[in-house]
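Please treat every number below as a calculation from the coordinates, not as lab data. This is a predicted model, so every value here is computed, not measured. Reconstructed Cβ throughout: ideal geometry from the backbone, glycine too, with neighbour counts over all protein chains shown.
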Amino acid sequence: MIEVIKTCWSPGTKGTQGALRRQIELCNQLGLFCTAATTPYQLFYYFYDFAAYRGVFLFNLVFITVYLSVLPLNHLRWHTTASTTLVLNSCIQLFVVTFFIGTGAGVSLFYFTFAFVIIFLYQNLRRRTYVALLAAIGLLYLMAQFLFPAEAARTPVPSPWLEAMYAGSVAGVLTLSGVLLHLFHRAIDRAEKELTFNNRYLEDLSNTDPLTGLGNRRALGEALNREWARLARQSGVLTTVMCDVDHFKRFNDHHGHDGGDRCLQQIADVLRGMLSQPPALAVRYGGEEFALVLPGTDAQQARILCERLRSAIERLRIPNRGMGEHAVVTVSIGVASTEHADLRPHTDDSKRLLKRADEALYQAKANGRNQVVYLSYQGLAKQA
Ligand SMILES: Nc1nc2c(ncn2[C@@H]2O[C@H](COP(=O)(O)OP(=O)(O)OP(=O)(O)O)[C@@H](O)[C@H]2O)c(=O)[nH]1
């Protein structure tokens, strides 16, 4: 049943999405709503005294036809024409109906509110144009009130029908006000969602290395500070790792910068594959250097993990012809860990832990590359 009702306001929505779809649906719904709202008045004019109300009845027939014409107009994808037709039709109807039956039945207030709601159909108007349109509709309403007071009506409506019509108009105004409120809410909701989405997108962008898709130095800083603060609060262990591609300059010289970029991407894929679970984090530290943050990973586990990492990269067998016919790309890795119990408040910080991993990396390079060297936060170097 609901599906059948929905098809009534579906003309023109096929193939459209999002804001445009909602805009077309609303336009169709308003056309149908105004037709339905005018119908009881038409029944009254017809059955009560057709001879007296023939003028307003016939005009209303034209207005109803025009309201319904928004369905084919939207179907033809003339969406702006459909919206404009609705606004103009309701404004003219406001004037004509008030001319015939006066302001007592409250119809001018109804069409005034209606025109207000329709303005929402124009999504891309400038603020000044919105204000001008609203002011024009307001002025029209005041003019109708002034020109056609109840006592000057051409074909006045007798009591108690006048009161019934007034109640109908008020019900219509309340319904339209509900629609207006709903539209406001939806617009605010949409703006909020867009803002949240854009903020998240910008934050992701500012934390991501564009070449490899890994985190960047900013993401590393944030993760390190967070994990360090956690370690200072509660028992646990934290490991940082620095990983540097060996003889990458020779690789670049021989395979070109683009080849170098592809090599870095392949290495990043290995890191990503091995550290898929947060809070472990792999970032591109800069150039051909990567860094890892491994919360909850102790020295022993870190050494095993880094050895697997080193050997996985070697097993990629990316040729480094700059270093000889059969040479392949390798990495040197420096590891440093610390525990909650070893921290000295006020003197230690996360940067020192990273520096310690860098010292371990330096030793791995000095010892001949393609190896893992571990340094405890305060202790001596050990080879894995
Ligand atoms: N393709 C590419 N190369 C880069 C990028 N960033 C830095 N490099 C290159 O990485 C190379 C780093 O060279 P070095 O710092 O001398 O180190 P290395 O040749 O790897 O020698 P060791 O680290 O001592 O083994 C330089 O040639 C840089 O141009 C990048 O984003 N893409």
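Local charge sum around residue 312 (other residues, Cβ-Cβ under 14 Å, Lys/Arg +1, Asp/Glu -1)? Around residue 312, the charge tally is +2.
Placing +1 on the Cβ of every Lys and Arg and -1 on the Cβ of every Asp and Glu, with no other charges, gives the chain a dipole of roughly 360 debye about its Cα centre.
Annotation: peptides 187-195, 83-91, ranked by per-residue average of other Cβ atoms within 10 Å with the highest first, follow the order 83-91, 187-195. The length gained on full extension between residue 230 and residue 181, counted as 0.36 nm times the residue separation minus their Cα-Cα distance, comes to 13.0 nm. Using the Cβ of residue 24 as centre and a radius below 12 Å, the other residues enclosed give a net charge of +3, where K and R count +1 and D and E count -1.
Distances between placed amide hydrogens fall under 5 Å for residue 215 paired with 209, 282, 284, all partners being 5 or more residues away or on another chain. Arranged from fewest to most other beta-carbon atoms within 10 Å of their beta carbon, 21, 356 become 21, 356. Of all lysines in the structure, those lying under 23 Å Cα to Cα from residue 351, and not within fewer than 8 positions of it along the same chain, are 365, 382. For residue 330, nonlocal amide neighbours, meaning residues 5 or more places apart or on other chains whose placed amide H falls under 5 Å from its own, are 246. Relative to the longest principal axis of the Cα atoms of the chain, the long axis of helix 18-68 makes an angle of roughly 10 degrees. Secondary structure note: in the stretch 217-383, about 85% of the DSSP beta bridges are antiparallel.
Pairwise Cα separations in the stretch 80-168 fall into 10 Å bins from 0 onward with the following percentages, short to long: 17, 46, 25, 11, 1. Relative contact order, whole percent, for the chain stands at 12, derived from Cα pairs under 8 Å and 6 or more residues apart. Calculation over all alpha carbon pairs of the chain in 20 angstrom steps from 0 returns a P(r) of 22, 28, 16, 23, 11, 0 percent. Computed from Cα atoms, the angle from the helix 79-101 axis to the main principal axis of the chain rounds to 30 degrees. Taking the DSSP bridge list for the chain and keeping only pairs wholly inside it, about 80 percent are antiparallel. Centre-to-centre separation between the Cα atoms of the stretch 155-197 and those of the stretch 37-94: 19 Å.
Sparsely packed loop sites in the stretch 224-331 (the GluC sites (Glu not before Pro) outside DSSP H, G, I, E and B with at most 14 other Cβ atoms within 10 Å) comprise 325. In the chain, a dipole from Cβ-located charges (positive for Lys and Arg, negative for Asp and Glu) runs towards its positive end, and of 316, 106, 131 it is 316 whose Cα lies farthest in that direction. A crude spin-label estimate for the pair residue 344 and residue 129, with each label 7 Å from Cα along the Cβ direction, gives 7.0 nm. The angle between the Cα long axis of helix 299-315 and the main principal axis of the chain comes to about 90°, on a 0 to 90 degree scale. In order along the stretch 175-186, phi translates into HN-Hα couplings of 4, 5, 5, x, 4, 4, 4, 4, 5, 4, 4, 5 Hz, rounded to whole numbers, per the Karplus curve 6.51 cos²θ - 1.76 cosθ + 1.60 with θ = phi - 60° and x for Gly and Pro. Over the stretch 266-370, the pair-distance histogram of Cα-Cα distances with 5 Å bins from zero comes to 2, 11, 19, 25, 20, 12, 6, 3, 1, 1, 0 percent, rounded to whole numbers. Local charge for residue 325 was computed over the other residues whose Cβ lies under 14 Å away, with Lys and Arg +1 and Asp and Glu -1, and equals +3. Entry note, the chain: the mean residue ellipticity at 222 nm calculated from DSSP H runs of n ≥ 4, each adding -39500 (n - 2.57), is -22000 deg cm²/dmol after division by the residues and rounding to the nearest 500.
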